[in-house]
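The values are calculated or read from the model by the stated rules, or taken from the named source; none is laboratory data. All figures in this text were calculated on a predicted structure; none of them were measured in a lab. With ideal geometry, Cβ positions are generated from the backbone for all residues, glycine too; neighbour counts draw on all protein chains shown.
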């Protein structure tokens, strides 16, 4: 038997070739945008007035920081590692952020309805309201990012035929290069536009949980903006 020119024992086996092909299809996203959003949420929590905090100013940032470090150490750089432990830690981190944002929103609305230190000063009220509003948007963006299609690591390996959100690039593949995957910036844009428009803009929720989450975020945003602006105008006048 004669070998083809260039063939030899160093040539990949069929199994190795298949593994290389699967590896080539993995499209992981960078970790730093998600980590930056969590750090921003931690700073905002620290800046909240005392009566709008769930706990002392250092408790939640410390908890969120420890969870963030664990997630980053477990899968640094590009997010490609599929692990039940890492996904549990990431979901735990997002849960803490969302719960903190919702609790803070409840305290702000209660202060607006019953009166509080921040509600007597327009500047303090607008500052506190802005912090709560932005914190909610970051938290919901991370929630969308974490739950859509099994999370970032799962999306890196393959996109399901029926995702939880339909981005324009998925509805019309001609708008994006081959192998396109939604990244955190796409979910951050989704979160902020949903909070501003009180409805989907360019990205459609397909699964029931996604529709409920977007509806809840819209109602929270409407309550914060409406009550804060109304109270601020009343203080000014």
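Exactly one residue among 55, 7, 19 is surrounded by 12 or more Cβ atoms within 10 Å (Cβ to Cβ), at pLDDT below 85 and part of a loop (DSSP other than H, G, I, E, B), and that residue is 55.
This table checks each residue for (1) surrounded by 21 or more Cβ atoms within 10 Å (Cβ to Cβ); (2) free of Cβ contacts under 8 Å to residues at least 24 places away in the same chain.
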{"position": "187", "(1), (2)": "yes, no"}
{"position": "194", "(1), (2)": "yes, no"}
{"position": "199", "(1), (2)": "no, yes"}
{"position": "207", "(1), (2)": "no, no"}
{"position": "212", "(1), (2)": "no, yes"}
{"position": "222", "(1), (2)": "no, no"}
{"position": "226", "(1), (2)": "no, yes"}
{"position": "230", "(1), (2)": "no, yes"}
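Against the condition out of contact with any helix residue (DSSP H, G or I) (no Cβ under 6 Å at 6 or more places or on another chain), touching a residue at least 40 places away in the same chain (Cβ under 8 Å) and part of a helix (DSSP H, G or I), how does residue 66 come out, does it pass? Here the answer is no, as residue 66 does not meet what is asked.
Residue 153 - would you say it is more than 19 Å from residue 138 (Cα to Cα), under 17 Å from the mean Cα position of the chain (by Cα) and crowded, with 18+ Cβ neighbours inside 10 Å? Write out each step before concluding.
Details: more than 19 Å from residue 138 (Cα to Cα): yes; under 17 Å from the mean Cα position of the chain (by Cα): yes; crowded, with 18+ Cβ neighbours inside 10 Å: yes.
Criteria met by residue 153.
Please enumerate the residues belonging to the range 201-212 that are closer than 14 Å to residue 188 by Cα and either in contact with a strand residue (DSSP E or B) (Cβ under 9 Å, 6 or more places away or on another chain) or modelled with pLDDT of 95 or more (or both). Step through it out loud before you land on a result.
Filtering the range 201-212 for residues closer than 14 Å to residue 188 by Cα gives 201-203.
Matches in the range 201-212: 203 only.
Put simply, of 182, 163, 178 the only residue that is more than 19 Å from residue 209 (Cβ to Cβ) and either at pLDDT below 85 or not in a helix (DSSP H, G or I) (or both) is 178.
Which residue is surrounded by the fewest Cβ atoms within 10 Å (Cβ to Cβ), if the candidates are limited to the range 69-105 and must be out of contact with any helix residue (DSSP H, G or I) (no Cβ under 8 Å at 6 or more places or on another chain) and part of a helix (DSSP H, G or I)? It comes out as 84.
For the structure I just gave you, tell me whether residue 147 is buried (at least 22 other Cβ atoms within 10 Å of the Cβ), within 18 Å of residue 91 (Cβ to Cβ) and in contact (Cβ under 8 Å) with a residue 40 or more places away in the chain. Full working, then the answer.
Working: buried (at least 22 other Cβ atoms within 10 Å of the Cβ): no; within 18 Å of residue 91 (Cβ to Cβ): yes; in contact (Cβ under 8 Å) with a residue 40 or more places away in the chain: yes.
Considered against the rule, which asks whether it is buried (at least 22 other Cβ atoms within 10 Å of the Cβ), within 18 Å of residue 91 (Cβ to Cβ) and in contact (Cβ under 8 Å) with a residue 40 or more places away in the chain, residue 147 comes out as no.
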